[in-house]
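Asker: If you scroll down you'll find the structure; I have some questions about it.
All of the numbers you see were taken from the coordinates with simple rules; none came from a lab. As the structure is a prediction and not an experimental result, all values here were calculated from the model. Cβ placement follows ideal geometry from the backbone for every residue including glycine, while neighbour counts extend to all protein chains displayed.
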Amino acid sequence: MLMAGRIKVMAGPFEGKDFDKVIPADKKLSKEWIDSLYARGKPTTVKAGKVDYIGMPINGLGTGQVYLSGDGELWYWNLTAQKRKKNNPKGPAYMSPDKAMGPAGQGFALQVDGRTRPLNAEGFRDVTFTNQYPMARVDYADADFPVEVQLEAYTPFIPLDRDESSYPVIVMRYTVTNSTSETCEVALAGWIQNLVAAKKGPKVSEYRELENIATVECSGGTPDSNGMALGVFGGGTPELVDVEKTNPGADGVFEKARDRTKGNSDAASIGRRFSLKAGESKTLSFAVSWRVPVVKYGTGFGYKTSSGRYHYATQWPSATEAAAQVADRESELYGTTREWVDTWYGSTLPYWFLERAFIPINCMQTQMVQRVYPQGKNLDIYNMEEGVRCCPGNCTHVWNYAQGLARIFPVIERECRDRIEYGLGFDTSNGEISFRYNVPGKRDRDDALDGTCGTIIRVLRESQMTTDYAFLTSIWDRVKLSMDGVIEHWDPDEDGILEGAQHNTLDEPWHGKVHWLINVYHASLKAAATMARQMKQDSVAERYERIVAKGAPVMVKELWNEDFGYYVHIPPDDEERMHGSTNGCHIDQVLGDSWLYEVGLDPILPRDKTRKALQALWKYNFTPDVGAFRKVMTNGRWYAGPGDAGLVMTSFPHGKIEPKSGNKNYAGYLNECMTGFEWQVAAHMIREGMVEEGLAIGRAIYDRYSADRRNPYNEVECSDHYSRAMASFGTYLAALGYRYDGPEGKLGFGPKLSPEDFRAAFTTAEGWGCFTQKIGKGLQSAGLELHYGQLQLKEFTLDRVAGLAATAAIVELDGGLVETSLSVEAERYVLKFNNGVTINKGQRLAVSLG
């Protein structure tokens, strides 16, 4: 089977009999493809050609949606939360991906010794895009043109600092190099059109000169009008300014010096002239910025919206002011963004893995989310849909799977728990959490079982990404009420086995004994018990623990099928309630235990059976050709097509029960490949030692989103940039063996790939940096290098490695000894710092075990 990607032959050859059971047990993966799972490789690099699928979100968090194309142009402008036809639950962009379009009212051009070239693939023969998300590099060269150009495009993106990562500003940082032996006269300019101008009303264009930036801004001329600006960094008056441009484009941008500061146009241009000696380079930065005060954001299915004010529009009175703040702090904002990029990609982990683990976080830079003040409210919220302008309400049973945002911008997740699930979507009378906070329920209850249970676990995760128990204290009474509400409604006899209609992420209630929902319920009880003890409520914790102790053995006894090698769903003997995965091998069967790893708690189910279940998913659900599977299992949407590899939601290796009940469309979900579910399983496999299988699932997703086939920055499920895809970050944490509990001051690692020489980025509540480990000469050495903020630790753990049994530890902070006590557990070394230790930016904690 041929795969469109760097490794052309993934698997095979296959014969017809290999697919007798639809999915071959022997995957026949090629050695070259297996080797690619572990190889360091190179970042995604794309030569601009006839078809450009690149669309990298490049704006600040919650400020709209703007893409950067493969040749460095800005496209897909959506600053007003418009809903397109493709923004629907079928997710058509997978099979019919968008192609990059030319600049809509905005662009840049270069003039050298009177010769003008647009800065795109039309202007230069050799244009190369290199991924550095959240930054990007585009190189322009042409044998018969005297200069080369390198673009660094970015918006400030600083993990742990939400506000400094939420500018309505894109920086286009051009470095021009004279590749000849003669001096060149150069001009670099751009143009802007007010793409969000009102259909009626005045057009105002204005030139402004501030300390570190000069701008041209087009707006309606009032505080509440929409506006867009283009600025050039640096002091002094630019040589090229036109506030009365009659049309967007390069025409005339190099001809007009500033003769007026105001005009009545919706387009303007600005640029600078400079000389370059032979071999000399000069960097010139531009800022594209905007301000849309009022937005109609999605609050219902279809085209239902509510009016609110963009949060960012309350921070700056104009697009120019937003750009000016970035210009004033360019060195800091660019430098810290670059530091994160270098830290993330400076890992020993494969580039493909680093890219796919991190990229889905870009959904926060799309119209999947709007940070708004709802009309009449003075508290801002993050209004999040499942995908871009599709399926509203911060859906609990989808966001349950997302792991990346909580580790990169944890304050956003904390605010959502407080203001959404336990705020606008919370019923204080019974603890019910509406699974869509802004969509009235049509059932007697409007909570999804998995959504509520997952939200309880998320609260523990959010608490762990702080340095004390203040957040947990503020929200605990509501969390306890919701946990008690789940017990009362679905497990009234407290035997640990669920009853009744169990609504879940597959969009309809399942009935009977549902393996994965029971496991998620037990995981939420375990998380709630942990929080109860932290809140000094031992009796509450004991109650929750008793329920798990009763229910888990029953789940194993009744739902584990030894002949099948996996857990099954036993529906009631009633045709009207028999739908679900029944005797199939379901992707989420041990989801609860997977979740517990994310919050550092031990799994509930027997590890041997969990591993067998994961092995069954690999055997029965992972197919090198989804197309062959879908020829037989025809229902469902297409998020992996013919020739694509993927992990299907549910397989039926022992025959399928066909109940009369259930929605046909929802039943089709079981035949699909959805990346969020796949990533969850991949993370669990890596945690349980099935590293190669977990990597293979991730690499299959990487291949499906190869830049020669579709946009690698858009994992599609329900509409575009689907939030569940942020489960990818869980695979990254699994590869690190990451464990963190901020209030307890505990951090630990256990690398799963190349532990003998390992390097990777990590984040904590207040700081981020790089973890390193080396094994050799009877020593296990590790380091924590802090590149941002600070890290307070009381305990540090390292997983033990084969062939080394350390009995002593030396810990140093920048060369100074740290008083430490060492204890050895079955799987790891535990180092406790008797007086605690604080690592500040620029410092390194070194650990040597031997």
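Asker: Grab every C-alpha pair in the range 737-849, bin the distances at 5 angstrom width from 0 up to the longest one, and report whole percents.
Answerer: Each 5 Å bin holds this share of Cα pairs: 2, 12, 25, 28, 21, 10, 2, 0.
Asker: Looking at ALA628, ALA616, ALA640, which one has the Cα that reaches farthest to the positive end of the dipole of the range 584-649 (charges on Cβ: Lys, Arg +1; Asp, Glu -1)?
Answerer: ALA628
Asker: I'd like the per residue volume of the convex hull spanned by the Cα atoms of the chain, given in cubic angstrom.
Answerer: Dividing the Cα hull volume of the chain by its residue count gives 169 Å³.
Asker: Anything over 22 Å Cα to Cα? Flag those among LYS526/LYS609; LYS794/LYS841; LYS480/LYS536; LYS83/LYS304; LYS612/LYS660; LYS513/LYS557, in the order listed.
Answerer: Long pairs (Cα-Cα over 22 Å): LYS612/LYS660.
Asker: Also, I was wondering about something else. What is the extension gain from THR183 to ASP708, computed as 0.36 nm multiplied by their sequence separation minus the C-alpha to C-alpha distance, in nm to one decimal?
Answerer: 185.1 nm
Asker: Work out the FRET efficiency for THR175 and MET95 from their Cβ-Cβ distance, taking R0 = 35 Å, and round it to the nearest 0.05.
Answerer: My answer for the efficiency is 0.35.
Asker: Work out the charge dipole of the chain with +1 on the Cβ of Lys and Arg and -1 on the Cβ of Asp and Glu about the Cα centre, then indicate which of LEU753, PRO374, TRP476 is farthest towards its positive end.
Answerer: PRO374
Asker: Taking the Cα centre as origin and putting +1 on Lys and Arg beta-carbons and -1 on Asp and Glu beta-carbons, what dipole magnitude results for the chain, to the nearest 20 debye?
Answerer: Rounded to the nearest 20 debye, it is 1080 debye.
Asker: When each pair of different Cα atoms in the range 395-517 is counted once in the 1/r mean, what is the Kirkwood radius in angstroms, to one decimal?
Answerer: One over the average 1/r among Cα pairs gives 14.7 Å for the range 395-517.
Asker: Straight distance only, please: which aspartates and glutamates reach the Cα of LYS664 with their own Cα at less than 15 Å, same-chain residues fewer than 8 apart left out?
Answerer: Within the straight-line cut-off, LYS664 pairs with ASP507, GLU508, GLU575, GLU576, GLU672.
Asker: Cβ neighbours within 10 Å, averaged per peptide: list 106-112, 46-52, 791-797 in order, most packed at the top.
Answerer: Packing order, densest peptide first, comes out as 106-112, 791-797, 46-52.
Asker: Put a dot 7 Å past each Cα toward the Cβ at LYS631 and LYS200; how far apart are the dots in nm?
Answerer: Simple spin-label model gives 6.0 nm for this pair.
Asker: Using 1/(1 + (r/R0)^6) with R0 = 22 angstrom and r between the beta carbons of GLU209 and GLU332, what's the FRET efficiency to the nearest 0.05?
Answerer: Once rounded, the FRET efficiency stands at 0.50.
Asker: Quickly rank 508-516, 644-652, 542-550 as a protection proxy: mean count of other C-beta atoms within 10 Å, highest first.
Answerer: Most protected by this proxy first, the peptides run 644-652, 508-516, 542-550.
Asker: Using the structure shown, list the pairs from LYS86/LYS631; LYS27/LYS619; LYS296/LYS377; LYS746/LYS832 with a Cα-Cα distance above 18 Å, or answer none.
Answerer: Cα-Cα > 18 Å for LYS86/LYS631; rest within.
Asker: Picking from ALA214, TYR297, VAL127, whose Cα lies most toward the positive end of the charge dipole for the range 105-338 (charges on Cβ: Lys, Arg +1; Asp, Glu -1)?
Answerer: About the Cα centre, the residue reaching furthest to the positive side is TYR297.
Asker: Straight-line reach from LYS31: which aspartates and glutamates have Cα under 17 Å away, leaving out those fewer than 8 places along the same chain?
Answerer: By straight Cα distance, LYS31 reaches GLU692, GLU693, ASP703.
Asker: Along Cα→Cβ, 7 Å out, is where each label goes; now give me the distance between the ones at ALA39 and ASN561 in nm to one decimal.
Answerer: Label at ALA39, label at ASN561, 4.0 nm between them.
Asker: Now for a different question. Quote to one decimal, in nm, the extra length available between ASN834 and ASP507 on full extension: 0.36 nm per residue of separation minus the C-alpha distance between them.
Answerer: The span from ASN834 to ASP507 would gain 112.6 nm if fully extended.
Asker: Please report, ordered by residue number, every helix of the chain (full DSSP H runs) that is 15 Å or longer along its axis going by C-alpha atoms and whose mean Kyte-Doolittle hydropathy reaches -1.0.
Answerer: Answer set is 449-464, 470-490, 515-534, 538-559, 675-687, 691-704.
Asker: Would you compute, for the Cα atoms of the range 378-453, the largest minus smallest coordinate along each principal axis and list the three values in descending order, in whole Å?
Answerer: Principal extents (largest minus smallest coordinate, Cα): 37, 25, 25 Å.
Asker: Nearest 5 is fine: what % of DSSP beta bridges in the chain come out antiparallel, could you say?
Answerer: Antiparallel bridges: around 95 percent, rounded to the nearest 5.
Asker: Using alpha carbon centroids, what distance separates the range 508-538 and the range 226-252, in Å?
Answerer: 58
Asker: Further, regarding this structure: Using the reciprocal of the averaged 1/r over all distinct C-alpha pairs, how large is the Kirkwood radius of the range 105-338 in Å?
Answerer: 18.5
Asker: Calculate the spin-label point distance for ALA470 paired with GLN315, positioning each point 7 Å from the Cα along the beta-carbon direction, and give it in nanometres.
Answerer: Label-label distance for GLN315 and ALA470, simple model: 2.1 nm.
Asker: Between TYR666 and ASP484, what's the calculated FRET efficiency when r is the beta-carbon distance and R0 is 30 Å? Round to 0.05.
Answerer: After rounding to 0.05, the efficiency reads 0.50.
Asker: By how many nm would the segment from GLN82 to ARG611 lengthen if fully extended, with 0.36 nm per residue of separation less the alpha-carbon distance?
Answerer: Result: 185.9 nm gained on full extension.
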